[in-house]
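Asks: The following block contains the structure, expressed as structure tokens.
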């Protein structure tokens, strides 16, 4: 009996370790954008953390219907998980984008409700607040959108994260067709976080959309000094050149370098870069 008890204690202590190790392997593959490999590691796993990671992989593979179902399963096990609610909102949103005119409004409302639930559960979840802000700005009033709602939410984002708050207010100003105010907010975000390459790129892209190419190009050079060969810089610079129909050979070279880089889930997907490459005439 004593040996059996010792074995039970050993199993109780060791199984959670094995579970964690399995998730570590899946997370490593996910972070390298090896979503199929991560899904293989997660096969048969039914715990909430494993389901949430599986949903992310399905989302990244554009299987949004499966992602919705998986995140709903994860939330049934962990209803208080703000991150899972936010990912459920993302998945509903992507389903709405490609749905029929009859189905899209219902899916959009489900996306909004999931985002709002994520923010309710964790009022400092700035990613969820930013996703909800983008929904408010994009959706018409009958689907729960509105600039007023976005403006109020931008204030809450600023209270949680001043840098992200400036970005949020810039998005509201752009929606209100106030480019001077949007530029000021993006400059303040960059000044508060001068070493964050994404903040420099936000302003560079904004100025390019205003056809202020000399200023935009200077900021792209500054971003390149912060992160030489950074995937976000490669993609943003190439996309901006293509949108402005300038220096397409350079854009093609940048996209080829991007496709050869080690990407993460936070970077634009390879198929998006491949589509841009075709647009650039490759």
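Asks: Helix-derived [θ] at 222 nm for the chain: sum -39500 (n - 2.57) over DSSP H runs of at least 4, divide by residue count, nearest 500?
Replies: Details: 15 runs with 218 residues, N = 282.
Per the formula, -25000 deg cm²/dmol.
Asks: Then there's this: Can you work out the FRET efficiency for the pair residue 264 and residue 103, with r the C-beta to C-beta distance and R0 = 25 Å, to the nearest 0.05?
Replies: Working: r = 32 Å, r/R0 = 1.29.
With R0 = 25 Å, the Cβ-Cβ based efficiency is 0.20.
Asks: Over 5 Å intervals from 0, what percent of Cα-Cα pairs in region 194-282 sits in each interval?
Replies: 3, 16, 28, 25, 21, 7, 1
Asks: Can you give me the pair-distance distribution of region 214-253, C-alpha pairs, 5 Å bins, whole percents?
Replies: Distribution as computed: 6, 26, 32, 27, 9, 0 percent.
Asks: Taking only the alpha-carbon atoms of the chain, what semi-axes of the equivalent ellipsoid follow from 5 times the gyration tensor eigenvalues under a square root, in whole Å, largest first? All intermediate terms of the calculation are to be shown ahead of the outcome.
Replies: Values: eigenvalues 271, 123, 74 Å².
The answer is 37, 25, 19 Å, longest axis first.
Asks: Another question about this same structure. Find the relative contact order for the chain and round it to a whole percent, using C-alpha pairs within less than 8 Å whose residues are 6+ positions apart. Spell out each step's value before the answer.
Replies: Numbers: 350 pairs, mean separation 26.5, N = 282.
Answer for the chain is 9 percent.
Asks: Right, here's the next one. What percentages, rounded to whole numbers, describe P(r) for region 184-242 computed over all alpha carbon pairs with 10 Å bin width beginning at zero?
Replies: Percent of pairs per bin, in order: 26, 59, 14.
Asks: Considering region 123-189, what Rg and Dmax in Å follow from its alpha-carbon atoms?
Replies: Radius of gyration, then largest Cα-Cα span, for region 123-189: 11.1, 34 Å.
Asks: Once you compute Rg and the Kirkwood Rh from C-alpha atoms, what is the Rg to Rh ratio for region 32-122?
Replies: Details: Rg = 12.9 Å, Rh = 13.1 Å.
When Rh is taken as the Kirkwood radius, the ratio is 0.98.
Asks: Round to the nearest 0.05 the FRET efficiency obtained for residue 187 and residue 244 when R0 = 22 Å and r is the Cβ-Cβ distance.
Replies: Values: r = 21 Å, r/R0 = 0.95.
Efficiency, rounded to the nearest 0.05: 0.60.
Asks: From Cα coordinates alone, what are the radius of gyration and Dmax values for region 132-282 in angstrom?
Replies: 16.3, 46
Asks: Order 216-225, 129-138 from most to least packed using the mean count of other Cβ atoms within 10 Å.
Replies: Numbers: 216-225: 16.9, 129-138: 22.1.
Averaged packing, sorted descending, gives the order 129-138, 216-225.
Asks: R0 = 22 Å: FRET efficiency of residue 77 with residue 25, Cβ-based, nearest 0.05?
Replies: Working: r = 21 Å, r/R0 = 0.96.
Using R0 = 22 Å, I get an efficiency of 0.55.
Asks: For the chain, set up a GNM with springs between Cα atoms under 10 Å and report which of 29, 149, 245 has the largest fluctuation.
Replies: 245
Taken together, the values in this text are just the output of simple stated rules run on the coordinates, not laboratory data. Everything quoted here is computed from the prediction, not taken from an experiment. In this analysis, Cβ positions are derived from the backbone assuming ideal geometry, glycine residues included, and neighbour counts consider all displayed protein chains.
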